[in-house]
Amino acid sequence: MEIFAQQIVNGLVLGSIYALVALGYTMVYGILGLINFAHGDITMIGALVSLTVIQLLAAAGVPAPVILVLAGGSAVLVCAILGLSIERIAYRPLRRAPRLAPLITAIGVSILLQYSAALIWGKQYISLPEIIEPAQFTIFGAQLTSLQAAIFLLACTIMAGLLWFIKASRMGRAMRATEQNPDVAGLMGVNTNTVIAFTFVLGSAIGAIAGLMVVLYYGLGHYFMGFMLGLKAFTAAVLGGIGNVGGAVLGGLLLGIIESLAAGYIGDLTGGVLGSNYRDIFAFLVLVLVLVLRPSGLLGQPGGERA
Amino acid sequence: MHMHTLRHITAALIAATLITACGKETPPPAPKAEAPKAPEVLTVKIGSASPLTGPQAHIGIDIRNGVQLAVEDLNAKGVEIGGKKVKLELVSEDDEANPTKATTVAQKLVDAKVAAVVGHFNSGASIPASKVYADGGVPQISPSSTNPDYTLKGFKTTFRVVAHDGQQGPTLARFAVNTLKAKNIAIIDDSTAYGQGLADNFEATAKTLGAKIIAREHTTDKDTDFKAILTRIKGKKPDLIMFGGIDPQAGPMVKQMKELGIKARFIGGDGMQTPNFIKLAGDASDGAMASIPGLPKDQMPGGKAFLEKYKAKFNQEVELFAPMGYDAVFVFVEAMKRAGSADPAKFLAEIGKTDYQGVIGPIAFDDKGDLKNGPITIYVVKGGKWEPLEIVKPDAAPAATPAASAPAAATPAPETKK
Amino acid sequence: MNATQTRWRWLLWVAVALLLLAAPFLIEATLGRAWVRIADVALLFIMLALGLNIVVGFAGLLDLGYIAFFAVGAYCYALLASPQLAIHWPFLVLLPLGAMVAAVFGILLGAPTLRLRGDYLAIVTLGFGEIIRVLLNNLNRPVNITNGPQGITLIDPLQIGGFSLAQTHSFAGLTFTALHSYYFVFLACAVVSIIISRRLEDSRIGRAWVAIREDELAAASMGINTRNMKLLAFAMGATFGGVAGGLFASFQGFISPESFHLIDSIMVLCMVVLGGMGNVAGVVLGAVLLTALPEALRYIGPLQQRWFGEVFIDPSDLRMLLFGLALVLMMLFRPSGIWPARRRTAENVTERMTEKRHASG
């Protein structure tokens, strides 16, 4: 029981990170119908920027809370600018092009981000100086740190904030209008270009926060870290119903739990035939199954023309 | 870290260019050499193949530097083979740590008519390349490939001067079971040729010694979340966790063990015996153990002198495999001297009969081309530093313990290894 | 007039054929034997790129896991012609078998993903590619089939009767090393692939694919069985990959899952996209360029050293940066590739004219 509780906790924390990244995918997809392949790599840039800031400030002896705020702030700033420029340079000119074109550009942007990061930060794993010592406590026999709890709460808070923003704010209404029909929204006086650019900025900023969380949680950063994370997060977004903000978080948490339980129990369940080496396959199997059986995802509206 | 590496690369490359430039520009020292009756100087090319670019470049360049140092030392000393004066020449190639590229550069070296090759770094590169060298009749000594398969292909040209996984794994297991008295062992590998090979060999020996393998888990060389498998392992209550893999995984793994409250000891192979492991794991690294083939660098017979020479020459510390590369060249040249020829067809048979006292210790090959009885050193993290704990001979029980005053081995080691 | 033109064209083809036949010897004499090996690899990539071109270029289905078929072909050959399972079948059986197995995998991938639109398909195929690699990496326990990450060694070379391609042969005063012999086998396979691609392009099937690519709904209403046609595209594309994989395994003598990463899928995709999606000649050009370019970029490191005294950019990083940049720029400014398909050029012209009409009207 203790072990099971621990696995659920593991899954929830891992899932919260997936959820934060998945929000970026889902927002851009919702509004543009485009899989922003480069989103995982934007998260990576956010992670490495905050890592560098933490390294510099920790060496200068700045107190930890200040470091965290500054690291998060600079990561959000860099990623927001990055998201904005990527949208402007690589995606906007292709908005009316055949479907294949923006997809291929997205792959190109993803490669560019990865290897630019390799140039700037090198290809080694970069370690995080220990600036915070999270408190450790026990729930239902499961070990939990304050940092893990914070990550989970943060994912939920951002989701709630985002839901409120989209529902209640003027910009949120414009986003919904653009999502439903960009042409009509334009006729109604919505500046769709601004709305789409804003969506990219917001998604990238949340990605930056996710990057900071990954760095704090695992204590390292790497130029290739965005790839697998992005893929899993995309799976989470699809699982929850892509384009749906609540779905992204639900999908993220579910995927995290599925992976944890799979890695933890598959060996015992199959009598040792399958092992934890198949963990990464589960994400893809979930993806294929959802797309085949219920392409609109758990919270999406069935019958939509999404797939 | 990157700037550090870049500077190393730069320094090494500058040195290399300067040297080659000097070599070309200075006229032959003795003008007599051009006279028809003077003994002709035979040029013998020695190839070096390792990753000189990409994430493993620092280790590849380290190997190349070792080879270069040997070539220069031998030239300075003067070598005579079969009564002829010989000048050695280094031909170095970049295999990018990529199996397909490795065969291409191997072909380039064979084309360049090198007499012998020191390389490659990765087993994944050494194995396919060994066929190209065998077809070309060029002997090859790998300074670093630890996959047992490398020497099992029946090629007469294939040698290595490093203990392979089949030697390191069992030795590690003997240490774990006999010395640390581990009874319930959990094993994790990173699903790479290196990590899994090491873990498999560890598992087999640990079992025969009577330890119980209570869990065998796998992760990948890209993953950083091990909570799920560690939680499963925690439920089985191990007293020792063995990891076959490299530091970017080992570091976070130890950290997450601490977070989950796992008290078991942690032990691994040479891939995690790096300063970066300690950085990544933080305080959690204390007490972690890892083995490295070979003696501690400062305890190698000619080690101290070599380390100083290397530092003076390249203005950096030895990473890991430079001494092996250095010795490999001497092994080749000694064989040539004995055969009285620099023709691979003639001196190849002599390599197998090598009995050489090198920087890394005594070098002799078994009939497969593997190093006989390579010593292995176990290190432990103490107060944020790797310290030698015990030197283990592969076939014997743990033997000598280094003097307590042995200075900490703080030399950087590979960040990545396959 | 017409007769002379035909004769000239005929002569041109003979010249090209002679040049291709003499190429390995010319390359060896000028650039060294290593470049013969690079030429061999380039021929393999031509086959791969042509296969992917069927899926992406003709049928417009973005496949990001194409290297999986290459892996399936390679492992099919390696398992049945090596000491790994102690089976040594002749390659004349294995190559068609590898092609068939790859085709089955192609259909297995295609069937569940048929309803998916472009971007979903891309992700699912990417996942499929990773699943295959993870499987190959892990099928060494509990029963050892693929030997896991250690890979399979001692794979049999191509052998016809007593004639082994791995040995050096002499014929008409020329020395044929393994590299030369493989060159001719690969060349023959590549030429066959080109011919099949060209024939497909002009066939009823090829036109059906283009119709699906341009507008699936319209294609279906014209009576095209879109399901079967898409499956056929996957199967055909996979076949090319499977054959190339088998040849690769016998050529290298050693394979491991390391050779079949996502990055390799993307490389092949780059060849297709940069060369010109849908145009056979363009794809061949793309494959040759992208195989030779990284080899040429190797000289960049020492050059930087000489000019600036420092290596600023790793040649391998530079290669990836250039590829990424090329993908983006190509899509923005020349979406039909270096050597566009004729049909695409025609379309672009019409589109531009329509645009102009709109603009002026």
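Quick rundown of the values:
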| read-out | value |
| --- | --- |
| Inter-part distance where segment B:247-308 and segment C:1-75 are each reduced to a Cα centre, Å | 49 Å |
| Segment B:160-286, Cα convex hull volume normalised per residue, Å³ | 97 Å³ |
| Charge tally in the Cβ shell below 9 Å around A:A197, where Lys, Arg are +1 and Asp, Glu are -1, A:A197 excluded | +1 |
| Solvent-accessible area of C:L11 with every protein chain in place, 1.4 Å probe, in Å² to the nearest 10 | 80 Å² |
| Dipole of segment A:2-293 [Lys/Arg +1, Asp/Glu -1 at C-beta], most positive-end residue of A:I31, A:V190, A:L289 | A:V190 |
| Dipole magnitude (debye, nearest 20) for the protein assembly as shown, charges at Cβ of Lys, Arg, Asp, Glu | 1500 debye |
| Normalised contact order of segment C:21-156, rounded percent, pairs of Cα under 8 Å and 6 or more residues apart | 26 percent |
| Carbon/sulfur fraction of accessible area - segment A:2-293, other protein chains in place, 1.4 Å, % | 71 percent |
| Local net charge near C:R141, Cβ-Cβ under 13 Å (Lys/Arg +1, Asp/Glu -1) | -3 |
| Solvent-accessible area of A:E2 with every protein chain in place, 1.4 Å probe, in Å² to the nearest 10 | 100 Å² |
| Chain C: C-alpha gyration tensor shape, a/c 1.5 cut-off, then a/b vs b/c | rounded |
| Relative contact order (%) - segment C:31-360, alpha-carbon pairs under 8 angstrom, separation at least six | 30 percent |
| GNM top mover of A:I209, A:I242, A:I67 - chain A, alpha-carbon springs below 10 Å | A:I67 |
| Residue of C:R319, C:R37, C:R204 that the Gaussian network model of chain C assigns the largest fluctuation, springs spanning Cα pairs under 10 Å | C:R204 |
| Probe 1.4 Å, all protein chains present, accessible-area order of B:K255, B:K227, largest first | B:K255, B:K227 |
| Protein-only accessible surface order, largest first, of A:L32, A:L77, C:L293 at 1.4 Å | A:L77, C:L293, A:L32 |
| In the A-B interface, the accessible area buried, summed over both sides, Å² (probe 1.4 Å) | 2900 Å² |
| Within-14-Å neighbourhood charge of A:R173 [Cβ basis; K, R +1; D, E -1] | +2 |
| Listed residues C:N279, C:N225, C:N138, most fluctuating in chain C (Gaussian network, C-alpha, under 10 Å) | C:N225 |
| Three-way shape label, segment A:1-119, alpha-carbon gyration tensor, a/c 1.5 | oblate |
| Anisotropy class of chain A from Cα gyration tensor, a/c 1.5 cut | oblate |
| Computed over segment A:225-307: relative contact order in percent, which uses C-alpha pairs under 8 Å that are six or more apart | 33 percent |
| Subset of A:K123/B:K45; B:K153/B:K311; B:K236/B:K372; B:K45/B:K346 violating a 27 Å alpha-carbon distance limit | A:K123/B:K45; B:K153/B:K311; B:K236/B:K372 |
| Heavy-atom accessible area order for A:K123, B:K236, largest first, 1.4 Å probe | B:K236, A:K123 |
| Close Lys-Lys pairs in segment B:78-139, where close means Cα under 25 Å and separation is 8 or more or interchain | 8 |
| Inverse mean reciprocal Cα-Cα distance (Kirkwood Rh) of the protein assembly as shown, Å | 30.7 Å |
| Gap separating the Cα centres of segment C:227-292 and segment C:312-339, nearest whole Å | 18 Å |
| Span-rule helices in chain A, defined as complete DSSP H runs reaching 27 Å or more along the axis (Cα) with Kyte mean at least 0.5 | A:2-32, A:39-59, A:64-86, A:100-121, A:146-168, A:192-218, A:245-269 |
| Set of lysines near A:K232 by C-alpha distance (under 20 Å), chain-local residues within fewer than 8 positions excluded | B:K222, B:K227 |
| Rounded percent of accessible protein surface that carbon and sulfur make up, chain C, 1.4 Å probe | 69 percent |
| Calculated FRET value between B:I213 and A:L153, using beta carbons and R₀ = 41 Å, to 0.05 | 0.55 |
| Accessible area of A:I107 in the full protein assembly, 1.4 Å probe (Å², nearest 10) | 10 Å² |
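The values are calculated or read from the model by the stated rules, or taken from the named source; none is laboratory data. Please read these numbers as outputs of a predicted model, since none were measured by experiment. All Cβ positions, glycine included, derive from the backbone under ideal geometry; neighbour counts span all protein chains shown. Ligands, DNA and RNA are excluded from the accessible area calculation, which covers all protein heavy atoms including side chains. Shrake-Rupley method; radii C 1.70, N 1.55, O 1.52, S 1.80 Å.
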